[in-house]
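To keep things clear, I will list the structure first and then write my remarks on it.
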Amino acid sequence: LYGLAVNLVGNPADAEDVVQETLAGAFRGLRAFRHESSVKTWLTRILVRQAAHHHRRQRRYWPGGVIAQPAPERVAPSDQGRADLRMDVEIALAALSPEHRQVVLLRELEGMTYEQMAAVLAVPRGTIESRLFRARRHLQELLKEHLT
Amino acid sequence: MNACEQASRLSAYHDGEMPFDLRLQFERHLRQCPGCLAELERMRGVTLMLGGMPRPEMPPEVLQRLHQAVDFLPAAGVRRMAAALAAVAAIILVVCMIGLASQASAGGTAGVMPVWESAAVGQPLPEPASGGAEELLAGWMVQDLSWRDRHD
């Protein structure tokens, strides 16, 4: 939950708040949990909603938007190269819309199936598929320097 | 960017979320569509990049704070319930006090001895210029009773 929260809200301090609010929300809603989904899916759904709520409250997301320009000459992967790539991926994720970031993180980092994601985000499976496709296209565009 | 109209199915194929028969059909399409094949490769590249991202680890002090917060949750629920009950009790108390105060003020008015009673038990009344004392007393009684009828 914490790892997903950090990626959703963009910083550890806010992620801690979101996880705490998630656990408090889960505690309050424990009686309403009808075991129609796994506990992980249920908690992830609360976390994603808390992160979205947090986003609306803060009216800000990550300071992303501009992808760092790669070095003119590609060098062999090094610690610095890996760090640059990681930073570029983080910035690219930050540049996505919240809806696109959610599906990318749930699929690529959490390994959820489309059905699980549909349950977490309360949208039809077809919406998940189309959002994920558009999000990945956006990421390809943002990270094209690393994909050549 | 790949303009093939079949491209929107690439994600489902890439994620293994396509039924077997559709998968075979889409693989036939991929063999004939270099655009989709190239986009599939880029999609795999993005997945590899994202998979290489380190998972944020929760620092021990954050974990400790969360444990404390979770331990605090049941007590917080009890406190919330106690606060709600106290608020309800306070409202009931205020309403009762207002009701008692209004009853007391109404009773206070009724408790004032009417003029005819004062006249009946008090000093002898002076002789009126026109009419006897009984007539004056009867007038006060009628006045008092009609006042009560209006306020009951």
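Of note:
- Among the residues of segment A:1-57, those identified as of a type outside the set (Asp, Glu), outside any helix (DSSP H, G or I) and farther than 22 Å from A:VAL104 by Cβ are A:GLY29, A:PHE33, A:ARG34, A:HIS35.
- Checking each residue in segment A:119-148 for being farther than 18 Å from A:MET87 by Cα and touching a residue at least 60 places away in the same chain (Cβ under 8 Å) picks out A:ALA119, A:VAL120, A:LEU121, A:ALA122.
- Test: residue in segment A:29-43 that is within 11 Å of chain B (Cβ to nearest Cβ) and modelled with pLDDT of 75 or more: yes
- As for segment A:115-128, it holds no residue that is within 18 Å of A:ALA51 (Cα to Cα) and among the hydroxyl-bearing types (Ser, Thr, Tyr).
- Which listed residue is in contact with a Lys or Arg (Cβ under 8 Å, 6 or more places away or on another chain), at pLDDT 85 or above and not in a loop (DSSP other than H, G, I, E, B), from A:VAL104, A:VAL89: A:VAL104
- Residues of segment B:31-51 that turn out to be touching a residue at least 24 places away in the same chain (Cβ under 8 Å), more than 7 Å from every other protein chain (Cβ to nearest Cβ) and under 17 Å from A:LEU143 (Cβ atoms), as a count: 4
- Considering segment B:9-21, the residues that are closer than 19 Å to A:LEU132 by Cα and either touching a His at 6+ places or on another chain (Cβ under 8 Å) or loosely packed, with under 14 Cβ neighbours inside 10 Å (or both) include one that is farthest from the other protein chains (Cβ to nearest Cβ), namely B:PRO19.
- A:LEU121 within 13 Å of another protein chain (Cβ to nearest Cβ) and modelled with pLDDT of 80 or more: no
One line per residue, one yes/no per condition, for (1) exposed (fewer than 10 other Cβ atoms within 10 Å of the Cβ); (2) at the interface with another protein chain (Cβ under 8 Å from one of its Cβ atoms); (3) among the hydrophobic types (A, V, I, L, M, F, W, C):
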| position | (1), (2), (3) |
| --- | --- |
| B:HIS29 | no, no, no |
| B:MET53 | no, yes, yes |
| B:GLU61 | yes, no, no |
| B:ARG65 | no, yes, no |
| B:ARG79 | no, no, no |
| B:LEU85 | no, no, yes |
| B:ALA89 | no, no, yes |
| B:CYS96 | no, no, yes |
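- Residue check, A:GLN116 over 19 Å from B:SER8 (Cα atoms), among the polar types (S, T, N, Q) and within 12 Å of chain B (Cβ to nearest Cβ): yes
- Only a single criterion out of (1) more than 26 Å from A:LEU139 (Cβ to Cβ); (2) at pLDDT 80 or above; (3) more than 10 Å from every other protein chain (Cβ to nearest Cβ) is not satisfied by A:GLU21, namely (3).
The values are calculated or read from the model by the stated rules, or taken from the named source; none is laboratory data. Just so it is clear, the structure is predicted and the values come from calculations on it, not from any experiment. Cβ: placed from backbone, ideal geometry, glycine included. Neighbour counts: every protein chain shown.
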